[in-house]
Each structure stands twice: as C-alpha cells, then as structure tokens.
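Structure, as structure tokens:
The values are calculated or read from the model by the stated rules, or taken from the named source; none is laboratory data. Since this is a predicted model, take the numbers as computed values, not measurements. Note: ideal-geometry Cβ built from the backbone for every residue, glycine included; neighbour counts use all protein chains shown.
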Amino acid sequence: MTPQPKKEQEKLPPRVSVVVVSRNRRERLHQCLDSLEHSEGRATLQIIVVDNGSVDGSATLDSEFPNTQFIRLPKDFGLTKAMNIGWRAADSEYVFFLHDDTVVDSGAALRLAELLDAQKDVAAACPLLVGAAGRPAPQLGEFPPDGEWTPAAPAGDEPIPVEYPRGAAFMMRVALIQAVRQIDERFGQFGGDADLAAQINRAGKKILLLPTVKVVHYGSAGYSAGERADFLLCRAAFCAKYFGFGAGLKARLAAIFGPLISFRFGELSRTLPGQKIDGTQS
C-alpha cells in the first residue's frame with residue numbers, strides 16, 4: 001500500500017500581534033521595525049504597520065521588511081482610527097500597540113504576553129518607557145488627560161499597577177477591545193489611549209507596568225496647531241463621555257477661549273468649528 005502524504009500541519013496563530021501606527025516618520029519607523037525584526041521569538045510575532053497617508057517614502061519600507069504587513073490609508077485619519085484598523089487585522093489574542101518612534105527590547109513582546117498569560121485579571125500590560133539615554137521617560141498620565149506625563153518610578157522589578165499609561169507601548173487583550181466594539185473614534189490623534197485605559201478601569205480590571213521590560217520612546221519635539229487643537233477637542237470629548245455633559249461643555253469652552261486669549265489663532269480656527277483629526281469623518 002502506498003503511504004499517504006502527511007497532512008500539512010496547521011499554522012499556529014501568532015503569539016502577539018504588534019500594531020505600529022505611522023505617519024511621515026520613515027527613519028523612526030525603520031528603527032522600530034528593525035528592533036522588532038531582531039526580537040526574541042520573531043517567528044511568533046505578527047507585525048502590522050498602519051500607515052496614515054505618509055508622503056515621505058515610508059511605503060517603500062515593505063521591500064526591506066517583507067514579513068511585515070503594511071496597511072496603507074489614503075489620508076491621515078488620526079491615530080485612533082488607525083489603531084482600530086490595526087487590531088482588527090490581528091490574528092493573536094494579544095495586540096501590542098506601538099508608536100513609530102519606539103525601539104523595543106528583544107524580549108519585550110513575549111515578556112508582556114507572559115504576564116498576561118499568568119494573570120488573567122490583568123487586562124493590559126506596558127513596559128517601562130525610557131529615553132535614548134536609558135532614563136525613565138514621561139509615561140504616566142491622569143484623568144481627564146491634560147497632555148502632561150510623568151516618568152514611572154518603580155521601586156523594584158515587580159510589576160506595578162498603573163491607571164493611565166501612555167499609549168506609545170501598550171499591550172492588551174483583543175477580547176476586551178471587542179467587548180466595547182472599538183476604540184472610540186471620536187478621539188482623533190489624541191485620546192485613544194485614555195479611552196482604552198478608562199474602559200479598563202471602569203471594568204474593574206488592572207493595567208500593570210513591567211519595569212524589567214524597556215522600550216525606548218523618542219517622543220515629539222513639539223506639535224502643530226492642528227495637533228494641539230485636536231488634543232483640546234479630544235479632551236472635551238473625553239470629559240463629556242466619562243464625566244458628563246457639564247464637564248464636556250466646560251472643556252469645550254476652554255478649547256475655544258484658551259487659544260483666543262493666548263492669541264493662538266491657528267488653534268482657534270480649528271477648535272471653534274470643532275475640526276479635529278477624526279476617523280469618523282471618512
């Protein structure tokens with residue numbers, strides 16, 4: 001009897017799906033992807049780049065990183081919509097959101113996944129963000145978001161609970177995003193990380209920071225008038241969603257009168273009509 005060929009082994013799902021949102025930062029994105037390519041357990045990682053309408057040649061990186069999935073959007077829909085597009089393409093139970101100006105430690109993705117494996121009551125995990133010199137970088141925020149971040153200061157190597165970590169490097173269970181359907185796309189470029197953290201806190205779940213896992217975050221030197229306006233409007237949307245109509249109205253008025261009395265007319269021209277980088281305005 002002629003032996004039958006063995007069935008091709010079913011392909012296992014990836015251990016972690018890494019979603020990198022990028023716009024017009026080709027060199028930073030290259031550094032980020034290169035660090036991921038050299039990650040421990042690279043074969044178990046699904047890497048997805050969501051490009052928000054870049055015009056700086058970022059699209060050509062697919063030839064250098066053929067094992068990375070590139071999703072190209074026709075214009076800038078904001079970070080939040082791009083994150084939603086990214087996690088919906090994920091095949092893993094964990095999604096690791098990264099900004100394009102990050103460089104990861106070799107074992108970062110797997111160590112965070114191991115933490116989530118071991119502690120089922122933990123909804124999300126994040127590494128310690130550090131600057132180029134290796135010192136803790138601004139990472140922890142407060143509700144409602146005010147654009148100010150403080151470095152984490154863990155006393156040892158044990159994971160510590162945090163309320164609102166910066167979204168530059170943040171891993172969570174895909175099932176929890178599915179439970180709330182999506183990250184609220186009323187948040188454009190800013191506020192998506194705050195919305196995720198607030199949803200997790202509201203559900204009584206934990207977010208843990210793992211100090212032994214480090215990710216370099218370069219951050220931005222400054223923001224455009226459009227980005228600053230987007231932040232003010234997203235803050236108003238956050239206040240309305242989580243603190244009620246009155247808080248939202250107060251923040252909305254502050255988004256108008258703050259730029260007005262400071263003569264920041266570039267911001268005012270956007271906050272007055274409510275013009276933000278909004279994925280719902282597709």
Quiz item: Which number in (1) at pLDDT 95 or above; (2) charged (D, E, K, R); (3) closer than 19 Å to MET83 by Cα marks the one condition that GLU114 misses?
Solution: (3)
Quiz item: For segment 162-174, does any single residue satisfy the condition of being within 17 Å of the chain's Cα centre (by Cα), surrounded by fewer than 19 Cβ atoms within 10 Å (Cβ to Cβ) and not small (Gly, Ala, Ser)?
Solution: yes
Quiz item: Considering segment 66-123 alone, what residues qualify as being more than 26 Å from GLN189 (Cα to Cα) and touching a helix residue (DSSP H, G or I) at 6+ places or on another chain (Cβ under 7 Å)?
Solution: VAL122
Quiz item: Pairs, please: C-beta under 8 Å, at least 6 apart or cross-chain, first residue farther than 14 Å from ASP34 by Cβ and in contact (Cβ under 8 Å) with a residue 60 or more places away in the chain and in segment 61-85, second in a loop (DSSP other than H, G, I, E, B) and basic (Lys, Arg)?
Solution: ASP76/ARG23; GLY78/LYS276
Self-check item: Residues located in segment 8-47, provided they are free of Cβ contacts under 8 Å to residues at least 60 places away in the same chain, under 19 Å from the mean Cα position of the chain (by Cα) and outside any helix (DSSP H, G or I)
Solution: ASN24, GLN46, ILE47
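Does ALA108 satisfy the condition of being crowded, with 19+ Cβ neighbours inside 10 Å, out of contact with any His (no Cβ under 8 Å at 6 or more places or on another chain) and more than 20 Å from LEU176 (Cα to Cα)?
Yes; evaluated as a whole, the condition is true for this residue.
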Quiz prompt | Within segment 55-68, tally of residues that are of a type in the set (Ser, Thr, Tyr), surrounded by fewer than 20 Cβ atoms within 10 Å (Cβ to Cβ) and at pLDDT below 95 | solution = 2
Practice problem: Considering every residue within segment 212-226, establish whether at least one is closer than 26 Å to VAL122 by Cβ, in a strand (DSSP E or B) and in contact with a Cys (Cβ under 9 Å, 6 or more places away or on another chain). | Solution: yes
Practice problem: Go over the candidates VAL104, VAL130, VAL162 one by one and state the one that is in contact with a Ser or Thr (Cβ under 8 Å, 6 or more places away or on another chain) and at pLDDT 95 or above. | Solution: VAL104
Exercise. Look through segment 106-145, keep the residues that are over 17 Å from the mean Cα position of the chain (by Cα) and among the acidic types (Asp, Glu), and return whichever of them is farthest from LEU33 (Cα to Cα).
Key: ASP121
Self-check item: Subset of segment 252-263 (residues that are under 23 Å from ARG186 (Cβ atoms) and either in contact (Cβ under 8 Å) with a residue 12 or more places away in the chain or touching a helix residue (DSSP H, G or I) at 6+ places or on another chain (Cβ under 7 Å) (or both))
Solution: ARG252, ALA254, ALA255, ILE256, GLY258, PRO259
Quiz item: Within the set of pairs 6+ apart or on separate chains, which have a first residue in segment 120-146 that is in contact (Cβ under 8 Å) with a residue 60 or more places away in the chain, a second that is crowded, with 16+ Cβ neighbours inside 10 Å and among the polar types (S, T, N, Q), and C-beta atoms under 6 Å apart?
Solution: LEU129/GLN139
Quiz item: Just checking, which of ILE207, ILE200 is over 24 Å from LEU73 (Cβ atoms), of a type outside the set (D, E, K, R) and assigned to a helix (DSSP H, G or I)?
Solution: ILE200
